[in-house]
1. On the given criteria, is V138 in contact with a Phe, Trp or Tyr (Cβ under 6 Å, 6 or more places away or on another chain) and either surrounded by 20 or more Cβ atoms within 10 Å (Cβ to Cβ) or part of a loop (DSSP other than H, G, I, E, B) (or both)?
2. Only one residue in V62, V84 is outside any loop (DSSP other than H, G, I, E, B), open to solvent by less than 30 Å² (accessible area, probe 1.4 Å) and modelled with pLDDT of 95 or more, so which one is that?
3. So if I check each of C145, C156, which one is surrounded by 15 or more Cβ atoms within 10 Å (Cβ to Cβ), in contact with a strand residue (DSSP E or B) (Cβ under 6 Å, 6 or more places away or on another chain) and in a helix (DSSP H, G or I)?
4. Anything in the range 65-81 that is within 26 Å of the chain's Cα centre (by Cα) and open to solvent by 70 Å² or more (accessible area, probe 1.4 Å)? List them, or say none.
5. Would you pick out the residues in the range 43-59 that are within 22 Å of S94 (Cα to Cα) and either open to solvent by 50 Å² or more (accessible area, probe 1.4 Å) or touching a helix residue (DSSP H, G or I) at 6+ places or on another chain (Cβ under 9 Å) (or both)?
6. For the range 56-69, give me each residue that is in contact with an Asp or Glu (Cβ under 9 Å, 6 or more places away or on another chain) and more than 11 Å from C141 (Cα to Cα).
7. Yes or no: K275 of a type in the set (D, E, K, R), within 19 Å of the chain's Cα centre (by Cα), under 19 Å from F158 (Cα atoms) and modelled with pLDDT under 95?
8. Among residues belonging to the range 205-219 that are under 20 Å from the mean Cα position of the chain (by Cα) and of a type in the set (D, E, K, R), point out the one that is nearest to R19 (Cα to Cα).
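The values are calculated or read from the model by the stated rules, or taken from the named source; none is laboratory data. These figures come from a predicted structure and were not determined experimentally. Here the Cβ positions follow ideal geometry from the backbone for every residue, glycine too, while neighbour counts run over all protein chains shown. Only protein heavy atoms, including side chains, enter the accessible area calculation; ligands, DNA and RNA are left aside. Shrake-Rupley method; radii C 1.70, N 1.55, O 1.52, S 1.80 Å.
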Amino acid sequence: MNFKFCVYFRTVEPLEYYRRFLKENCRPDGRELGEFRTTTVNVGSITTADGSALVKLGNTTVICGIKAEFAEPPAESNNKGYIVPNVDLPPLCSSRFRPGPPGEEAQAASQFIADVIENSEIIMKEDLCIAHGKLAWVLYCDFICLDYDGNILDACTFALLAALKNVQLPKVTINEETGLAEVDLKQTNPLNIRKHPVATSFAVFDDTILIVDPTAEEEELATGTVTIVMDEEGRLCSVHKPGGSGLTAAKLQDCITRAITRHKEVKKLIDKVIKSIKPK
């Protein structure tokens, strides 16, 4: 095929175009079916945030900024703080998104991150309590997608973990006489990160072929997607499958096995980056 015909064929029959590559166990971008795009992470890039991280997964780019504020603990759990995630998919990251209130995909991503935080126990909310029944930390975790090219869930989960590991909170004590909080900005401590959840997403083609780290085009052509979240102990924290074609037990096990390997790769990358910088 010459170049012009390839472009025409991809435009008119994108699924058939992909199938010809998949038969050869590769993809149009040159990757193998189980190969991730180049992944990079940069932490501490937002100086006004208490912790931040910028993650690139191929072209997909997500920045996470964390802001810590005071709040009264919930009445039903007076020894816990809060973690509030919010994912923003603005029009600047892709023409598929429109201005206005969060769309369905952004809301689904925010809920996914909230579920990961809860199920993985990345941070125990009890660790965010400053004084029982009086004061606790609220961690606002805001994600903004700067460039959308698929696999937003993996990028957001990675950015969350990196940003949380970058957070430094000041020492806070309650003055017994006044009952007010006293903040010592000279003494800061990192968060107690108890688990390290890592997401690995797959797209399903023709109900049988699994490809890892799908692009936006691959997600649109796929018959289904699934995201596996694992921690460093090999524990399955979450399985996210928003409809689409089903998976056999064998295929799901293949996904879990690949997710375990991916966790080691991401953990190694994030540890290297965190060690290379000084605490704020």
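1. Answer is no for this residue.
2. When all the criteria are applied, what remains is V62.
3. The match here is C156.
4. Across the range 65-81, the qualifying residues are K67, E69, F70.
5. A53, L54, V55, K56, L57, N59, listed by residue number.
6. Correct list: K56, L57, G58, N59, T60, T61, V62.
7. When the stated conditions are applied, K275 does not pass them.
8. So, considering only residues that are under 20 Å from the mean Cα position of the chain (by Cα) and of a type in the set (D, E, K, R), the one nearest to R19 (Cα to Cα) is E218.
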